[in-house]
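Scroll down for the structure; my scribbles are underneath it.
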Amino acid sequence: MKKLPDVWGGDAAPLVVDNVDTDTIIPSREMRSTGRAGLADGLFAPWRYTDADARTPNPDFVLNQDTYSSATILAAGENFGCGSSREHAVWALAEFGITAIIAVSFAPIFYANCLRNGIVPIALPRKAVDRLAAEYVTIHLTDQQVTGAGNIYNFDIDPEAKHMLLNGVDAIDLTLTDRGAIETWTQRDRTARPWVYLEQTK
Amino acid sequence: MTQTLFDKIWDTHQVAQTATGRHLIAIDRVFLHERTGAAALKRMAEIERKILDPARVFAVMDHIVDTRIGRGDSTLMQGGEAFITETRAACRDAGITLFDVNDRDQGIIHVISPELGIVLPGITLVAPDSHTCTQGAFGALAWGIGSSEAEHAMVTGVLRLERPKTMRVLLEGALSEGVTAKDMALHLIALHSAGGGAGHAVEFAGDAVTALDMEGRMTLCNMATEFGAMAGFIAPDAKAFDWLAGKRYAPDNFDEPYWANLQSDAGASFDTEITIDASAIAPMVSWGTSPEQAIAIDARVPAGPRKVHDYIGLEEGTAIAGTPIDVAFIGSCTNSRISDLRLAAKLLEGHLIAPTIKKAMVVPGSLSVKRQAEAEGLDKIFEAAGFEWRMSGCSLCFYAGGEGFPKGSRTISSTNRNFEGRQGPGIRTHIASPETVAASAVAGAIADPRELARKKVAS
């Protein structure tokens, strides 16, 4: 995972709609290969194109407007990223260039997927999101603050997640530093719950 | 100290706690499918990471497999075949048990996992699929994750998690005739919103829950993700243990005292509690583009966002019953099990679907469900009524670019998501129970299943 800078800013693309689901962020039909790349073109396809097959842009959609066509920050509503667990939604956003999403709330699987792919999910009260949408905002990741529209907002992020985003730490590498503890635990658990452990085939 | 069932499972699985408060939680089972699992396996191969214990990882082809009789690897979805062949090769290389396209145990991941006893009470099970919470019906902590987290679980045997809050949803009282677990789920989400369960692991309890059969419990837990919860589960009782005992990967019995302890202690406290009068629930149907936009079948469309009314083509004040439909679909991890098919077939027997219906399909949740239904003659009832009878898979629950309908088509569907475009560009989806789908197919319009049931009794 790439490191995120401590501070960066941009115009927050306003998409403050509630319950935006991952089918809208990246429709299943846009997931054309088993890999993680090549998804940005299909990002928000149902809203971004009037004809998704012909890729005819919908001029009303926020990411098609000049100010936001290279947006790095998205302002969103409640329960953003709900629905399917597809990480492709986050891969598509990251490939497009999004590095932060300021939303009223996030769906849990989507939130975790953001943290694993260099996107900061920032939950703020609706009033704050409404104020920041379409404004130039600055994100201070170390200080956990968003500034914009003359205001400063603090946000919560798990300290470990913040450390990993700032330092580009891979979660698997980090966990493998605890390999010994996992092995010890598993040995004990094999006795306590033998039914969990299966032979290769049965 | 009293503990909730969630606390007990969590504590049993806690390997370590980090200095920053994260928990390393042991993962007992990982289940993959060809839609999202291939991405995880492919990347693991690229970065040369090995699965810690392949015997506890399973995979199935369910998402984009063709469901037409006589199917092979090719699918109607453009490029779909690569997902199937790549997943097969990756599973073979990794030493994972795969339930392949025409394996006799093939089926939708959350249908076959219990059928084979892969899910067990008290275990942790994850899959890169949001409806993994379905399997909480057996008292497991089961939840959906992304592909990166699936890699993490396979390589390390644990996930790094924040402890969620606990919620109990008590559904008290007896369900009325014609009301199902699907209606309970939609009622809960309509009342408490699609984000109502956010940040929580949700235990469903109360006499309306314990009265459900295991299939009904799976339907209820299935939609915990539509409620925004991390997981949904039900304390295992004799019904759950009897259902699982002796299944291929399950113990032969659950007699040890360990199993009986898998329930919330009396007086255990939850961070959030919701109580619902189950006797007041009616058959439900969605009217909009979020599962929270659902109403009783005899209600009128309420005021919603303009965009939603425009997409779905229904204005405020319109009675939802009587809305003409084009397509009827019975299937998906929500409602495709044998008891779902029995109830729908019972309603359909002796009826024909309306001539205005352009397509009606039943896609059994697994090939095992299909065989059982055929042994009971249910396939003949569906076919006589005008439904197509298919092989197992996720099918019309979502649109991957294969089978679809013209823009603007309206479907009544026993699935879990009525999102814009979920079943294809411009498709208007109404989600409901299989009985409501059956009754609507006969009427050619959204219809109350209780009316068709009454007619049957009268005739």
Number of positions in the range B:229-253 that are more than 11 Å from chain A (Cβ to nearest Cβ), acidic (D, E) and closer than 29 Å to B:R104 by Cβ: 1
- request: Select from the range B:159-209 the residues that are in a strand (DSSP E or B) and without any contact (Cβ under 8 Å) to a residue 60 or more places away in the chain and list them in ascending order.
  value: B:V202, B:F204, B:A205
- request: Counting only residues that are at pLDDT 95 or above and within 21 Å of B:G107 (Cβ to Cβ), give me the strands (runs of 3 or more DSSP E) lying completely in the range B:19-80 with at least 1 of them.
  value: B:29-33, B:57-60
statement: Selection from the range A:159-202 of residues among the basic types (K, R) and in contact with a Phe, Trp or Tyr (Cβ under 7 Å, 6 or more places away or on another chain) yields A:R190, A:K202
statement: Within the range B:1-44, the residues that are assigned by TED's automatic domain parsing to the domain that holds B:G79, over 27 Å from B:Y249 (Cα atoms) and not charged (D, E, K, R) are B:A16, B:Q17, B:T18, B:A19, B:T20, B:G21, B:H23
task: Look through B:A59, B:A89 and report the one residue that is more than 8 Å from chain A (Cβ to nearest Cβ), surrounded by fewer than 16 Cβ atoms within 10 Å (Cβ to Cβ) and of a type in the set (A, V, I, L, M).
output: B:A89
Given (1) among the hydrophobic types (A, V, I, L, M, F, W, C); (2) over 14 Å from the mean Cα position of the chain (by Cα); (3) not in a helix (DSSP H, G or I), number of the condition A:L4 does not satisfy: (2)
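Anything in the range A:160-191 that is surrounded by fewer than 17 Cβ atoms within 10 Å (Cβ to Cβ) and either touching a Leu at 6+ places or on another chain (Cβ under 7 Å) or within 8 Å of chain B (Cβ to nearest Cβ) (or both)? List them, or say none. Before the answer, list the steps.
We begin by selecting, within the range A:160-191, every residue surrounded by fewer than 17 Cβ atoms within 10 Å (Cβ to Cβ); these are A:163, A:166-170, A:173, A:176-177, A:179-181, A:183-184, A:187-188, A:190-191.
Matches in the range A:160-191: A:H163, A:L166, A:L176, A:R179, A:A181.
Got a sec? Which of B:E226, B:E203 is buried (at least 24 other Cβ atoms within 10 Å of the Cβ), away from chain A (no Cβ under 14 Å) and in contact with a Lys or Arg (Cβ under 8 Å, 6 or more places away or on another chain)?
Within the list B:E226, B:E203, the selection yields B:E203.
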Hits in the range A:92-119 - residues which are more than 12 Å from every other protein chain (Cβ to nearest Cβ) and in a strand (DSSP E or B): A:A100, A:I101, A:I102
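Based on what the data block shows, is B:T275 in contact (Cβ under 8 Å) with a residue 24 or more places away in the chain and under 18 Å from B:D183 (Cα atoms)? Show your work before the answer.
Working: in contact (Cβ under 8 Å) with a residue 24 or more places away in the chain: yes; under 18 Å from B:D183 (Cα atoms): yes.
Taking the combined requirement at face value, the residue satisfies it.
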- request: Please enumerate the residues belonging to the range A:72-90 that are over 25 Å from B:H33 (Cβ atoms) and not in a loop (DSSP other than H, G, I, E, B).
  value: A:I73, A:L74, A:A75, A:A76
statement: Those residues of the range A:7-35 which are in a strand (DSSP E or B) and hydrophobic (A, V, I, L, M, F, W, C) amount to A:V7, A:W8, A:A12, A:A13, A:L15
Residue count, the range B:29-55 (criterion: more than 18 Å from B:G146 (Cβ to Cβ) and crowded, with 24+ Cβ neighbours inside 10 Å): 0
task: Could you grab me the full set of residues in the range A:96-117 that are touching a helix residue (DSSP H, G or I) at 6+ places or on another chain (Cβ under 8 Å) and free of Cβ contacts under 8 Å to residues at least 12 places away in the same chain?
output: A:A112
message: Among the residues that make up the range A:131-143, is at least one of them of a type outside the set (V, I, T), touching a strand residue (DSSP E or B) at 6+ places or on another chain (Cβ under 9 Å) and within 14 Å of chain B (Cβ to nearest Cβ)?
response: no
message: With the requirement that a residue be of a type in the set (V, I, T), crowded, with 23+ Cβ neighbours inside 10 Å, over 13 Å from the mean Cα position of the chain (by Cα) and not in a loop (DSSP other than H, G, I, E, B), what does the range B:92-132 give you?
response: B:T124, B:V126
- line: Those residues of the range B:266-323 which are among the small types (G, A, S) and in contact with a helix residue (DSSP H, G or I) (Cβ under 6 Å, 6 or more places away or on another chain) amount to B:A278, B:G288, B:A294
message: Against the definition (part of a loop (DSSP other than H, G, I, E, B), under 29 Å from B:M154 (Cα atoms) and more than 8 Å from chain B (Cβ to nearest Cβ)), how does A:I122 come out, yes or no?
response: no
- request: For residues that are closer than 23 Å to B:E86 by Cβ and at the interface with another protein chain (Cβ under 8 Å from one of its Cβ atoms), tally how many sit in the range A:3-44.
  value: 10
B:L348 vs. criteria in contact with a strand residue (DSSP E or B) (Cβ under 9 Å, 6 or more places away or on another chain) and either among the aliphatic types (A, V, I, L, M) or in contact (Cβ under 8 Å) with a residue 24 or more places away in the chain (or both): no
- prompt: Has the range B:255-275 got at least one residue that is under 16 Å from B:P121 (Cα atoms), buried (at least 21 other Cβ atoms within 10 Å of the Cβ) and within 25 Å of the chain's Cα centre (by Cα)?
  reply: yes
message: Any residue in the range A:79-91 that is without any contact (Cβ under 8 Å) to a residue 40 or more places away in the chain and at the interface with chain B (Cβ under 8 Å from one of its Cβ atoms) sitting within a Cβ distance under 9 Å of a residue that is crowded, with 24+ Cβ neighbours inside 10 Å and of a type in the set (F, W, Y)? List the pairs, counting only those 6 or more apart or interchain.
response: A:V90/A:F110
Any chance B:E81 is free of Cβ contacts under 8 Å to residues at least 60 places away in the same chain, out of contact with any Lys or Arg (no Cβ under 9 Å at 6 or more places or on another chain) and either surrounded by fewer than 24 Cβ atoms within 10 Å (Cβ to Cβ) or within 9 Å of another protein chain (Cβ to nearest Cβ) (or both): yes
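The values are calculated or read from the model by the stated rules, or taken from the named source; none is laboratory data. Bear in mind that the values here come from a model prediction, so they are computed numbers and not experimental data. Methodologically, a virtual Cβ is constructed for each residue, glycine included, from the backbone with ideal geometry; neighbour enumeration extends over all protein chains shown.
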